[in-house]
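Comments concern the structure below.
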Amino acid sequence: MPIPESHRDLIDGNYNVTLATVMPDGQPQTTPVWCNREGDYVLINTMRGFQKEKNMRANPRVTLLAYDPKKPLHNIEIRGTVAELIEEGALEHLNQLTSKYMRKPDARFFGDSVSAELETVYTPVKIKIAPVRVRVEG
């Protein structure tokens, strides 16, 4: 399902996006995430073993919500399905997101966003989400 041109700024810009996943007991779990696009797929990143990663492996149905804090009625809700969870290239993707959100072309997640020592502890996972339903306002 395509992401309307009128609301791509919310995915392509530096807006924090809320990711909702489903816990094993059926409760929703929400987390702020960084994202970007690959065509109409939305890409996010997390770490292996984090709750949202476990939730998406168990249940690939997710929802993303993005809005402009200066114009909250300009928003997009993307209900989708996780198409891929991959570790290959995930660190490079995470560095792209870090550069985008920190507005520094050479920013690196480990070292600029979090402590460099954490690179030996955490393994990034790149998540590709296929939109199934897109709702926009504003």
| message | Counting only pairs 8 or more residues apart or on different chains, how many lysine pairs in the stretch 5-137 have their Cα atoms under 16 Å apart? | response | 5
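Filter the trypsin sites (Lys or Arg not before Pro) in the stretch 69-125 down to the DSSP loop ones having no more than 10 other Cβ atoms within 10 Å, then list what survives.
Numbers: sites: LYS70, ARG79, LYS100, ARG103, ARG108; in loops: LYS70, ARG103, ARG108.
Hits after loop and neighbour filter: LYS70, ARG103.
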| J(HN,Hα) series, the stretch 14-24, from Karplus relation 6.51 cos²θ - 1.76 cosθ + 1.60, nearest Hz, glycine and proline x | 9, 7, 5, 10, 9, 9, 10, 10, 10, 6, x
| task | Match the structure shown to one of the listed values [x] 42, 38, 24; [y] 49, 35, 27; [z] 58, 30, 24 of Cα extents along the principal axes in Å, computed from it, and give that label. | result | [x]
| What number, in percent, do you get for the relative contact order of the chain if the mean sequence gap of Cα pairs under 8 Å and at least 6 apart is divided by its residue count? | 30 percent
| note | the stretch 1-15 and the stretch 59-86 have their Cα centres apart by a whole-number Å value of 10 Å
| message | To the nearest 20 Debye, how big is the dipole of the chain about its Cα centre, given +1 on the beta carbon of each Lys and Arg and -1 on that of each Asp and Glu? | response | 340 debye
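Among the GluC sites (Glu not before Pro) within the stretch 38-110, which fall in a DSSP loop and have no more than 14 other Cβ atoms within 10 Å of their own Cβ? Please report the intermediate quantities before stating the final value.
Values: sites: GLU38, GLU53, GLU77, GLU84, GLU87, GLU88, GLU92; in loops: GLU87, GLU88.
Of the GluC sites (Glu not before Pro), the ones in loops of the stretch 38-110 whose Cβ has at most 14 other Cβ atoms within 10 Å are GLU87, GLU88.
All of the numbers you see were taken from the coordinates with simple rules; none came from a lab. Predicted model, so just to flag it, every value in this text is computed and none were measured. Note: ideal-geometry Cβ built from the backbone for every residue, glycine included; neighbour counts use all protein chains shown.
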